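See structure below.
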């Protein structure tokens with residue numbers, strides 16, 4: 001199934017877990033992907049480590065730096081996903097940055113990503129207008145879904161554009177800060193989620209940034225199709241017991 005089909009079939013309570021490829025060790029990626037699949041997560045978002053991750057908070061930035069020091073490259077990442085695909089069919093979404101695609105070659109990147117089993121991309125810094133003008137046809141050629149981000153400051157017009165162009169889901173950024181913030185969901189955030197829900201968008205919506213425990217996960221699910229958990233998962237990973245720490249973390253959310 002496509003990412004969108006996976007979300008719409010379940011309808012509510014989607015759990016999308018973000019992990020950084022090549023962290024905590026270079027060889028952790030396949031084990032993490034397979035373990036998350038074993039624990040029944042609905043989607044896996046795999047971060048492509050980058051030297052200047054603009055949207056990411058300290059935790060994910062640090063994990064990216066460790067992964068790069070571990071020697072991770074896009075070619076190694078692609079090979080790791082190819083290995084994981086021998087075991088898991090859970091949809092995998094790669095999250096990275098525009099410059100990574102440009103340096104690799106956009107069509108080459110999309111072609112290999114499709115071949116190894118990546119089903120969707122999140123590229124926070126690619127402008128929607130540029131995507132539509134220059135890359136939408138290529139994404140369609142390689143059956144690559146894409147998700148665009150919206151924030152509390154995004155205008156209704158831009159929200160509608162994100163809805164029109166997103167082929168996987170709309171990534172509803174819960175706050176105007178970087179990832180990794182903790183705390184309860186505020187009344188202002190709830191009003192924002194309600195505003196977006198009232199727009200009756202066609203694309204499914206997942207809420208991310210600041211989702212860190214069962215309470216915030218369940219609250220996010222009340223206002224959308226599900227939630228994305230990233231920094232809290234990175235913090236919970238135990239390099240000495242990757243599988244055990246994943247089982248404990250996922251069970252703590254559901």
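Between region 145-168 and region 188-254, what's the alpha-carbon centroid distance in Å?
When both Cα centres are located, 19 Å separates them.
Given the convex hull over the Cα atoms of the chain, what projected area results after averaging over all orientations, in nm²?
11.9
Nearest 5 percent is fine: what portion of the DSSP beta bridges confined to region 3-253 is antiparallel?
Close to 0 percent.
Ordered by packing density, taken as the mean number of other Cβ atoms within 10 Å over each peptide's residues, highest first, how do 228-236, 193-201 rank? Don't jump to the answer; show the numbers that get you there.
Values: 228-236: 23.2, 193-201: 13.7.
My ranking of the peptides, most packed first, is 228-236, 193-201.
What does the C-alpha gyration tensor say about the overall shape of region 111-154? Classify as rounded when a/c is under 1.5, otherwise prolate if a/b is larger than b/c, or oblate.
In terms of gyration-tensor shape, oblate.
Given springs between every Cα pair under 10 Å in a Gaussian network model of the chain, which of 45, 218, 202 has the largest fluctuation?
Fluctuation is largest for 202.
Using 10 Å bins from zero, what percent of all Cα-Cα pairs in region 148-225 falls into each bin?
Using 10 Å bins, I get a P(r) of 20, 57, 22, 1 for region 148-225.
Calculate for the chain the 222 nm mean residue ellipticity that helices alone would give, adding -39,500 (n - 2.57) per DSSP H run of length 4 or more and normalising by residue count, nearest 500 deg cm²/dmol. Don't skip to the end; give the middle numbers.
Working: 12 runs with 115 residues, N = 254.
Mean residue ellipticity at 222 nm (helix-derived): -13000 deg cm²/dmol.
Arranged from highest to lowest average of other beta-carbon atoms within 10 Å per residue, in what order do the peptides 132-140, 107-115 appear?
Order by mean packing, descending: 107-115, 132-140.
Using the 2.2 N^0.38 Å rule of thumb for compact globular proteins, work out how region 69-190 stacks up: its C-alpha Rg over that value, please.
1.17
Values quoted throughout were computed directly from the atomic coordinates according to the rules given, and no laboratory measurement underlies them. This is a predicted model, so every value here is computed, not measured. All Cβ positions, even for glycine, are placed from backbone atoms using ideal geometry, and neighbour counts span all protein chains on display.
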